[in-house]
1. Of the residues in the stretch 95-129, how many are over 15 Å from Pro76 (Cβ atoms) and not small (Gly, Ala, Ser)?
2. Collect the residues in the stretch 1-38 that are surrounded by 13 or more Cβ atoms within 10 Å (Cβ to Cβ), modelled with pLDDT under 90 and of a type in the set (A, V, I, L, M, F, W, C), keeping them in residue-number order.
3. Does any residue in the stretch 1-28 that is under 17 Å from Phe45 (Cα atoms) come within less than 9 Å, Cβ to Cβ, of a residue that is at pLDDT 90 or above and exposed (fewer than 10 other Cβ atoms within 10 Å of the Cβ) six or more places away or on a different chain, and which pairs are these?
4. Show the residue pairs meeting these rules: Cβ distance below 6 Å; 6+ apart or different chains; first residue within the stretch 29-46 and not assigned by TED's automatic domain parsing to the domain that holds Ile116; second residue part of a helix (DSSP H, G or I) and among the hydroxyl-bearing types (Ser, Thr, Tyr).
5. Identify all residues within the stretch 89-110 that are touching a Leu at 6+ places or on another chain (Cβ under 6 Å) and farther than 11 Å from Glu131 by Cα; write none if there are none.
6. Please tell me if Thr42 is within 13 Å of the ligand (Cβ to nearest atom), over 17 Å from Asn127 (Cβ atoms) and in contact with an Asp or Glu (Cβ under 9 Å, 6 or more places away or on another chain).
Amino acid sequence: MSTTEATAAKTCRSEGCGGEPWETGRYSPNTFPESTHGYCFTCAFWADHAANPNAGTVIIEGRAPHLGRERLEFDPALPVIGPDHGMRGFSGALWRVRFRDGRETETDNLWLQGTIPDRFLDRFPVNADLELLK
Ligand SMILES: [Zn+2]
């Protein structure tokens, strides 16, 4: 495959988004990996997350009906950091995360990445349920 074909296969136009490639915009060249060239900023953001899941990646459905499927994350090596740690996700709210693979943890540093665009839903299967503890 030529470079042109590889780029064409990855553009947002082929995925129905229509956005302009992020690397032609005002962003730092280090914003996303080179593998996302050809995607708009939004698609590059989600493609990068889809390519890099970890033990702290949380995908939920329906925190509220209008929010759709969301991606969140916490540091699995340090899920509870306590109030003296500065900025924490959701202002330090304590969540129980029940992963559908059987793992369960609590975290006071859960960060929301946002609602997953419809065109990326197949790359983000729901993997957990959340319970707000306090
Ligand atoms: Zn796009």
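1. Restricting attention to the stretch 95-129, the residues satisfying the condition of being over 15 Å from Pro76 (Cβ atoms) are 100, 112-126, 129.
Cutting the leftovers down to not small (Gly, Ala, Ser) gives us 100, 112-113, 115-126, 129.
So the answer is 16.
2. Those that are surrounded by 13 or more Cβ atoms within 10 Å (Cβ to Cβ), modelled with pLDDT under 90 and of a type in the set (A, V, I, L, M, F, W, C): Ala8, Cys12, Cys17.
3. Glu23/Pro29; Glu23/Glu34
4. Pairs found: Gly38/Thr7; Ala44/Thr36.
5. Passing the criteria: Gly89, Phe90, Asp108, Leu110.
6. Working: within 13 Å of the ligand (Cβ to nearest atom): yes; over 17 Å from Asn127 (Cβ atoms): yes; in contact with an Asp or Glu (Cβ under 9 Å, 6 or more places away or on another chain): no.
Here the answer is no, as Thr42 does not meet what is asked.
Each row is one residue, and each column tells you yes or no for (1) more than 16 Å from the ligand (Cβ to nearest atom); (2) farther than 30 Å from Arg26 by Cα.
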| site | (1), (2) |
| --- | --- |
| Ala51 | no, no |
| Ala77 | yes, yes |
| Val97 | yes, yes |
| Arg100 | yes, yes |
| Thr105 | yes, yes |
| Trp111 | yes, no |
| Asp122 | no, no |
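The values are calculated or read from the model by the stated rules, or taken from the named source; none is laboratory data. Computed from a predicted model, the values in this text were never measured in an experiment. As a convention, Cβ positions derive from the backbone with ideal geometry for all residues, glycine included, and neighbour counts pool all protein chains shown.
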